[in-house]
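Data first, discussion second: the structure below is written as structure tokens.
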Amino acid sequence: MAPSSSKANKKGAADAAAWMFNVVTSVGIIIVNKALMATYGFSYATTLTGMHFATTTLMTGVLRWLGYIQASHLPYPELLKFVLFANFSIVGMNVSLMWNSVGFYQIAKLTMIPVSCLLEVLFDKIRYSRDTKLSIGVVLLGVGVCTVTDVSVNAKGFIAAFIAVWSTSLQQYYVHYLQRKYSLSSFNLLGHTAPAQAATLLLLGPFLDYWLTNKRIDTYDYSAVSVVFIVISCTIAVGTNLSQFICIGRFTAVSFQVLGHMKTILVLIMGFFFFGKDGLNLHVVLGMIIAVVGMVWYGNASSKPGGKERWSLSLPISRPQKQSNLSESDEHDGKV
């Protein structure tokens with residue numbers, strides 16, 4: 001009994017550490033990128049993301065050279081599908097933000113949760129309890145109250161949002177799927193996907209950014225401070241990319257989306273400290289409270305027997321890979 005309790009406590013501590021890692025790096029990179037783009041005019045978001053993945057590729061290469069990441073296998077067709085989903089997600093989000101109002105952009109982001117639920121129901125045969133479904137609805141309501149203000153939509157904006165939502169949901173589902181099917185740690189999977197994403201985004205990013213902003217990256221007036229911010233952004237992005245893979249691998253894309261909205265709330269709170277009372281009012285505080293209640297309810301409801309279970313364990317498992325020294329715990333059973 002004691003060893004089992006100790007194992008559960010260790011897993012709980014590791015889960016909490018993974019979430020904290022993701023929250024800190026995600027909020028940090030938002031702050032740095034806002035300063036880089038708003039203050040120093042570096043508005044080349046797609047190219048910057050390519051730089052992020054290039055830095056991540058360098059990190060995984062060094063760890064592999066040092067022996068901390070063991071060789072692993074990911075079939076090329078699987079890698080190609082993942083990169084397509086991930087890159088369409090990045091481009092779709094950028095275009096959606098440009099073509100839509102902020103309110104509709106936020107609504108589109110919220111729809112990723114039901115879309116991720118649908119993917120798990122269709123492909124993983126996941127069954128949600130009534131309480132789990134209701135708790136997700138409460139989170140959506142709370143975050144919606146916090147973030148959705150003006151809402152206007154047009155045809156091309158709707159198409160961009162549709163592509164962004166589905167590609168992001170598929171990319172996050174695929175992170176969990178590939179780790180389970182091919183017994184890959186987060187480091188292994190990132191080592192496979194980061195180089196391909198870096199190459200494609202650095203190649204296409206400058207053209208896409210020019211199309212979105214009408215500014216060429218080769219004409220940007222670099223300064224010592226802006227370069228420092230770019231380096232800091234790339235460094236934090238390594239942690240953001242890794243923590244996303246760790247969290248989705250340990251949990252699921254739905255849990256990552258639901259509990260991940262805590263980052264939205266933290267950004268709003270930090271906006272209050274930066275911009276004063278205009279950034280936080282009774283309307284926003286009410287939404288925050290509703291969202292937090294929903295997150296707590298979701299965590300409790302989904303962890304109960306029958307809260308979120310798989311109908312069958314039919315997912316094929318490829319030949320296991322040797323685990324790396326840095327791989328996280330990978331415990332998967334019928335309860336998810």
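Which parts of the range 94-109 would a label at THR213 reach, counting a residue when its backbone N lies under 17 Å from a point 7 Å out along Cα-to-Cβ?
Hits in the range 94-109 for THR213 at 17 Å: 94-99.
Please give the per residue accessible area of the chain, computed with a probe of 1.4 Å over protein heavy atoms only, in Å². Can you show the working numbers first?
Details: 16390 Å² over 336 residues.
The answer is 49 Å² per residue.
Taking the convex hull of the alpha carbon atoms in the range 50-180, what volume per residue do you get, in Å³? Let's see the in-between values first.
Details: hull volume 19.7 nm³, N = 131.
Looking at the range 50-180, the number lands at 150 Å³ per residue.
Which helices pass in the chain if a helix is a full DSSP H run, must span at least 20 angstrom along its long axis by Cα, and must have mean Kyte-Doolittle hydropathy not below 1.0?
Result, helices passing both filters: 76-99, 130-147, 224-250, 253-275, 282-303.
Is there a pair in LYS263/LYS304; LYS7/LYS304; LYS125/LYS304; LYS11/LYS34; LYS7/LYS133 whose C-alpha atoms are over 23 Å apart, and which pairs would that be?
Details: LYS263/LYS304 25 Å; LYS7/LYS304 18 Å; LYS125/LYS304 18 Å; LYS11/LYS34 35 Å; LYS7/LYS133 29 Å.
Distance filter (> 23 Å) returns LYS263/LYS304; LYS11/LYS34; LYS7/LYS133.
Rg/Rh for the range 120-203 to two decimals, with Rh computed the Kirkwood way over all alpha-carbon pairs. Kindly include the intermediate steps, with their values, before the conclusion.
On the way: Rg = 17.3 Å, Rh = 16.3 Å.
Value, to two decimals: 1.06.
Can you find, among ASN9, ALA155, HIS261, the residue farthest towards the positive end of the dipole of the chain? Put +1 on the C-beta of Lys and Arg, -1 on that of Asp and Glu.
Positive-most Cα among the choices belongs to ASN9.
Which of GLN179, ILE289, GLY103 sits farthest toward the positive end of the charge dipole of the chain, with +1 on the Cβ of Lys and Arg and -1 on the Cβ of Asp and Glu?
Of GLN179, ILE289, GLY103, it is GLN179.
Can you give the FRET efficiency for PHE162 and VAL227, using 1/(1 + (r/R0)^6), R0 = 25 Å, r = Cβ-Cβ distance, to the nearest 0.05?
Once the sixth-power term is evaluated, E becomes 0.10.
Can you pull a Stokes-Einstein diffusion coefficient for the range 188-240 at 37 °C (0.692 mPa s), Rh from Kirkwood over Cα pairs, as a whole number of µm²/s?
253
Can you list the chymotrypsin sites (Phe, Trp or Tyr not before Pro) in the range 24-89 that are in a DSSP coil and have 14 or fewer other beta carbons within 10 angstrom? Walk me through the numbers before you get to the answer.
Working: sites: TYR40, PHE42, TYR44, PHE53, TRP65, TYR68, PHE82, PHE85, PHE88; in loops: TYR40, PHE42, TYR44, TYR68.
The qualifying sites are TYR68.
Given R₀ = 22 Å, FRET efficiency for LEU202-MET37 by Cβ-Cβ distance, to 0.05?
With R0 = 22 Å, the Cβ-Cβ based efficiency is 0.75.
What translational diffusion coefficient, to the nearest whole µm²/s, does the chain have by Stokes-Einstein, given a Kirkwood radius computed over alpha-carbon pairs, a temperature of 37 °C and 0.692 mPa s viscosity?
Diffusion coefficient, whole number: 156 µm²/s.
Give, as a single signed number, the net charge of other residues whose beta carbon lies under 13 Å from the beta carbon of THR193, with Lys and Arg counted +1 and Asp and Glu -1.
Once all neighbours under 13 Å are counted, the net charge is 0.
Starting from the 7 Å offset along Cα-to-Cβ, what nm value, one decimal, do you get for the label separation of THR111 and MET20?
3.7
Taking 37 °C and 0.692 mPa s as the conditions, I'd like the Stokes-Einstein D for the range 1-84 in µm²/s, using the Kirkwood hydrodynamic radius from alpha carbon pairs. Before the final figure, lay out each step's value.
Details: Rh = 16.7 Å.
The calculation lands on 196 µm²/s.
How big, in percent, is the set of alpha carbon pairs in the range 59-111 lying more than 18 Å apart? All intermediate terms of the calculation are to be shown ahead of the outcome.
Values: 808 of 1378 pairs.
Counting every Cα pair in the range 59-111, those more than 18 Å apart make up 59 percent.
Give the distance, in whole Å, between the Cα centre of the range 67-128 and the Cα centre of the range 224-270.
Using only Cα atoms to place each centre, the spacing works out to 15 Å.
Which percent of the accessible heavy-atom area of the range 6-75 goes to carbon and sulfur, probe 1.4 angstrom?
Values: 2400 of 3400 Å².
C and S atoms contribute 71 percent here.
Placing unit charges on C-beta atoms (Lys and Arg positive, Asp and Glu negative, everything else neutral), compute the dipole magnitude of the chain about its Cα centre in debye, rounded to 20. The partial results should precede the final answer.
Working: 25 positive and 15 negative charges, 145 e Å.
Approximately 700 debye in magnitude.
The values are calculated or read from the model by the stated rules, or taken from the named source; none is laboratory data. Predicted model only: the values in this text are computed from it and were never measured. Using ideal geometry, Cβ is built from the backbone for each residue, glycine included, and neighbour counts are taken over all protein chains shown. Accessible surface areas use protein heavy atoms only, side chains included; no ligands, DNA or RNA. Shrake-Rupley method; radii C 1.70, N 1.55, O 1.52, S 1.80 Å.
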